[in-house]
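A short write-up of the structure that comes next.
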Amino acid sequence: MKIATDANAAIKEKFGTVFAPKMMVSHFKDNTWTTPTLADTAPFPMDPCAHVLHYASAVFEGMKAHKTPDGIGLFRLKDHVARLRQSAGLLYLPVPDTEMATAMIRDAVNATQDLVPDPPGALYIRPTLLGTQPSIGAAASPSTEAMFYILLSPVGDYFAKGLKPLRLLIEDRYERTASTFGMAKAGGNYASALGHIMKARQEHDADQVLFCPQGDVQETGAANFIMLDDKQLLTKPLDTSFLHGVTRDSLLRLASDMGYKVREENIDLQKDLLPWIERGGEAALSGTAAVLAGVGEMVYQGNVLQLRDGEIGPNTLKLRQALVNIQTGQAADPYGWRERV
Ligand SMILES: *Cc1c(COP(=O)(O)O)cnc(C)c1O
């Protein structure tokens with residue numbers, strides 16, 4: 001782990017490898033959380049029999065703080081805290097109080113203001129919750145102890161090498177994770193998707209896998225899937241099978257106000273997605289890290305399907321820019337999404 005000393009130097013490092021020198025930490029034991037403290041970002045002792053190391057009791061969040069003309073803005077803090085609590089509940093981890101989690105994120109960012117890079121960079125915030133009960137006997141019971149910390153990482157432009165359209169492998173049999181568990185932002189879900197992603201990379205040179213079990217177009221390994229054209233935006237309605245992205249939600253509201261018809265409907269691979277590609281529609285992946293990343297190609301049953309001209313679509317770019325403008329304070333925020341730290 002590298003410690004950042006300067007935002008401009010930090011954003012040149014690989015995403016996710018360089019961190020602010022301080023993080024906020026609280027521990028749960030004997031049914032209470034300790035008073036959160038600002039600690040050094042450094043390796044910490046972990047019991048070899050800790051619950052998380054054996055039974056994957058780990059959830060996390062990913063959100064950003066942006067430099068805006070009137071100070072540092074946190075994007076949709078409330079929604080990220082709510083989702084963290086939802087994920088924790090799904091794994092029966094001790095659930096951090098809304099007030100405590102919110103204050104810990106604010107305090108962590110406050111202590112790190114000088115490491116928030118200029119846009120298009122941002123301070124990536126990674127709240128992490130681990131089950132730390134020291135017992136391998138607790139396989140069938142929730143961890144009674146936990147550690148909760150707020151890790152911070154200055155990040156540069158996700159598309160530093162230019163906006164690059166993605167290539168997705170369409171997986172029409174397997175799901176990313178258990179269908180009741182998709183809405184937990186849990187490390188175990190990533191582990192379970194990795195085999196598919198590795199295969200897609202090695203065999204098809206794909207960037208990501210679009211999981212469409214039994215033809216139900218869900219999401220990729222780490223981002224939601226959106227179809228759009230000049231008039232409409234189409235994405236799967238919320239259910240338990242996939243992660244409820246804050247970016248997805250933001251884009252839907254923004255698109256609706258920009259005059260797009262927003263359709264939250266189940267998407268069938270054969271009936272909807274393949275004809276959509278044929279007709280020249282756009283597709284994109286949404287998530288905090290990349291905001292909205294255009295898809296250029298999909299690989300299905302060994303055939304490469306090009307979307308439009310293979311470049312990022314104009315509506316994808318337009319919607320992405322509209323959201324970035326709100327996040328970075330270049331546009332008004334009628335939704336109350338941006339909070340000053
Ligand atoms: C985090 C995540 C997303 C995107 O969520 P955002 O809140 O938009 O960042 C989508 N899918 C998965 C599997 C994720 O883990």
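The values are calculated or read from the model by the stated rules, or taken from the named source; none is laboratory data. It should be emphasised that the depicted structure is a prediction, and the values quoted were computed from it without experimental measurement. Note: ideal-geometry Cβ built from the backbone for every residue, glycine included; neighbour counts use all protein chains shown.
Residues are listed down the side, and each one gets a yes or a no for (1) in contact (Cβ under 8 Å) with a residue 24 or more places away in the chain; (2) within 16 Å of the ligand (Cβ to nearest atom):
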| site | (1), (2) |
| --- | --- |
| Asp230 | yes, no |
| Thr240 | yes, yes |
| His244 | yes, yes |
| Leu252 | no, yes |
| Ala255 | yes, yes |
| Gly280 | yes, no |
Would you confirm whether or not region 50-73 contains a residue that is in a loop (DSSP other than H, G, I, E, B) and closer than 14 Å to Glu145 by Cα?
yes
Tally time: how many residues in region 268-292 are modelled with pLDDT under 95 and over 28 Å from Arg126 (Cβ atoms)?
0
Please go through (1) in contact (Cβ under 8 Å) with a residue 60 or more places away in the chain; (2) under 30 Å from Phe181 (Cβ atoms) for Met1 and return the number of the only condition it doesn't satisfy.
(1)
Please tell me if Arg248 is within 15 Å of the ligand (Cβ to nearest atom), surrounded by fewer than 19 Cβ atoms within 10 Å (Cβ to Cβ) and among the basic types (Lys, Arg).
no
Could you tell me which numbered condition Gln218 fails, if it satisfies all but one of (1) without any contact (Cβ under 8 Å) to a residue 60 or more places away in the chain; (2) more than 15 Å from the ligand (Cβ to nearest atom)?
(2)
Scanning region 227-263 residue by residue, those part of a strand (DSSP E or B) and either β-branched (Val, Ile, Thr) or within 16 Å of the chain's Cα centre (by Cα) (or both) turn out to be Thr235, Val262
Taking region 173-201 as the search range and keeping residues that are without any contact (Cβ under 8 Å) to a residue 40 or more places away in the chain and part of a loop (DSSP other than H, G, I, E, B), which one is nearest to the ligand (Cβ to nearest atom)?
Thr177
Criterion: free of Cβ contacts under 8 Å to residues at least 40 places away in the same chain, under 30 Å from Glu311 (Cα atoms) and either within 16 Å of the ligand (Cβ to nearest atom) or not aliphatic (A, V, I, L, M) (or both) - qualifying residue of Gly156, Gly162
Gly162
Gly310 vs (1) within 23 Å of Asp157 (Cα to Cα); (2) away from the ligand (no atom under 16 Å from the Cβ); (3) crowded, with 20+ Cβ neighbours inside 10 Å: all pass except (3)
